[in-house]
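Readers should treat all values here as calculations from the given coordinates under stated rules, not as data from a laboratory. What you see is a predicted model; the values in this text were computed from it and never measured. Neighbour counts run over all protein chains shown; Cβ positions are idealised from the backbone, glycine included.
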Amino acid sequence: MKVESEIKKWGNSLALRVTGIMAELPNFKDGTRVIVEVSEEGIMVKPIPTQVNEPPFLPYSEESLLEGLSPEKSHSDAVAIPNERELGD
């Protein structure tokens, strides 16, 4: 099935509203987790199957990602320090 729609500006991004049959047919609801496949031809959005023993969407915990991290390994010397104006109120 083909549905004509329009991509619109949303903040600094572009957005495509998922309305009517575009949401109903794949059973998309608010909060539905999806996989987006991107190619030069366009995008394809598919719901992530929900199964009881399915591995987490991102298989890494914060703890495992930070394991062994030090200021030297994180290149903290290359991080910009924001000034007061950039921090706001």
- Most positive-pole-ward Cα, VAL34, ILE7, LEU66, against dipole of the chain from beta carbon charges: ILE7
- At a Förster distance of 35 Å, what's the computed FRET efficiency of ASP30 paired with GLU62, Cβ-Cβ distance as r, to 0.05? 0.85
- Hz values of 3J(HN,Hα) by residue in the stretch 66-83 - Karplus curve (6.51, -1.76, 1.60), Gly and Pro given as x: 8, 4, x, 6, 9, x, 5, 6, 8, 6, 4, 5, 9, 7, 5, 9, x, 8
- A correct Karplus calculation of ³J(HN,Hα) over the stretch 3-19, with 6.51 cos²θ - 1.76 cosθ + 1.60, θ = phi - 60°, whole Hz and x for Gly and Pro, returns 10, 8, 8, 9, 7, 10, 6, 9, x, 8, 10, 10, 9, 10, 6, 9, 10
- Item | Listed residues LYS46, LYS73, LYS29, most fluctuating in the chain (Gaussian network, C-alpha, under 10 Å) | LYS73
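So for the chain, averaging the separation of alpha carbon pairs under 8 Å that are six or more residues apart and normalising by length, what relative contact order in percent results? Please report the intermediate quantities before stating the final value.
Numbers: 36 pairs, mean separation 10.8, N = 89.
Relative contact order comes out at 12 percent.
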- Identify all lysines with a Cα-Cα distance to LYS29 below 24 Å; exclude those on the same chain that are fewer than 8 residues away in sequence. LYS2, LYS8, LYS9, LYS46
- Would you kindly calculate the translational diffusion coefficient of the chain, applying Stokes-Einstein with the Kirkwood radius from alpha carbon pairs, for 10 °C and a viscosity of 1.306 mPa s, and quote it in µm² s⁻¹ without decimals? 88
